[in-house]
Amino acid sequence: MTDPFDIVQEDVVGAFEQTRTLFASWKQLDGRKRTPQEENEYQYMTDELYSSLTSIGNDLDDLQETIDVSRSAPD
């Protein structure tokens, strides 16, 4: 049986890496004049970043819950 902690941890690490890549692209467009196409791309990336960070936060909450359950479970 696979440990739920390992599953959630893998999800968080993968999501973090994807978010880091997306953030690097977003940062290139941030703070400069953008074409209309770049503005659409910038808005899309902004929304995706928000969504990704929210998801990572939820995954971290799940990870904490898993840790709390394992700490309170008898050996």
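Cα convex hull of region 10-75: mean projected area in nm², to one decimal? Numbers along the way, then the final one.
Values: hull surface 19.9 nm².
Orientation-averaged projected area of the Cα hull: 5.0 nm².
What's the magnitude of the charge dipole for the chain around its Cα centre, counting Lys and Arg as +1 and Asp and Glu as -1 at the beta-carbon? Answer in Debye, nearest 20.
Numbers: 6 positive and 17 negative charges, 127 e Å.
Charge dipole of the chain: 620 debye, to the nearest 20.
Could you do me a favour and compute the accessible area per residue for the chain, 1.4 Å probe, result in Å²? Don't skip to the answer; put the middle values down first.
Details: 5990 Å² over 75 residues.
Heavy-atom accessible area per residue stands at 80 Å².
Just the number, please: carbon plus sulfur as a percent of the accessible area of the chain, 1.4 Å probe, no ligands or DNA/RNA counted. It would help to have the intermediate numbers written out before the result.
Details: 3120 of 5990 Å².
C and S fraction of accessible area: 52 percent.
Against the longest alpha carbon principal axis of the chain, how many degrees, from 0 to 90 and to the nearest 10, is the axis of helix 36-72 turned?
The answer is roughly 10 degrees.
Restricting to DSSP H runs of at least four residues, report the calculated mean residue ellipticity at 222 nm for the chain, -39500 (n - 2.57) per run over all residues, nearest 500 deg cm²/dmol.
On the way: 2 runs with 63 residues, N = 75.
Per the formula, -30500 deg cm²/dmol.
Find which of ASN40, SER51, ILE7 sits farthest along the positive direction of the dipole of the chain, computed with +1 on the beta-carbon of Lys and Arg, -1 on that of Asp and Glu, about the Cα centre.
Result: ASN40.
For region 21-30, just list the computed ³J(HN,Hα) in residue order, Karplus coefficients 6.51, -1.76 and 1.60, θ = phi - 60°, integers in Hz, with x standing in for Gly and Pro.
With the stated coefficients, region 21-30 comes to 5, 4, 4, 4, 5, 4, 5, 5, 8, 6 Hz.
The values are calculated or read from the model by the stated rules, or taken from the named source; none is laboratory data. Just so you know, these numbers come straight off a predicted model, no measurement behind them. Cβ: placed from backbone, ideal geometry, glycine included. Neighbour counts: every protein chain shown. Keep in mind that these areas ignore ligands, DNA and RNA; they rest on the heavy atoms of the full protein, side chains included. Shrake-Rupley method; radii C 1.70, N 1.55, O 1.52, S 1.80 Å.
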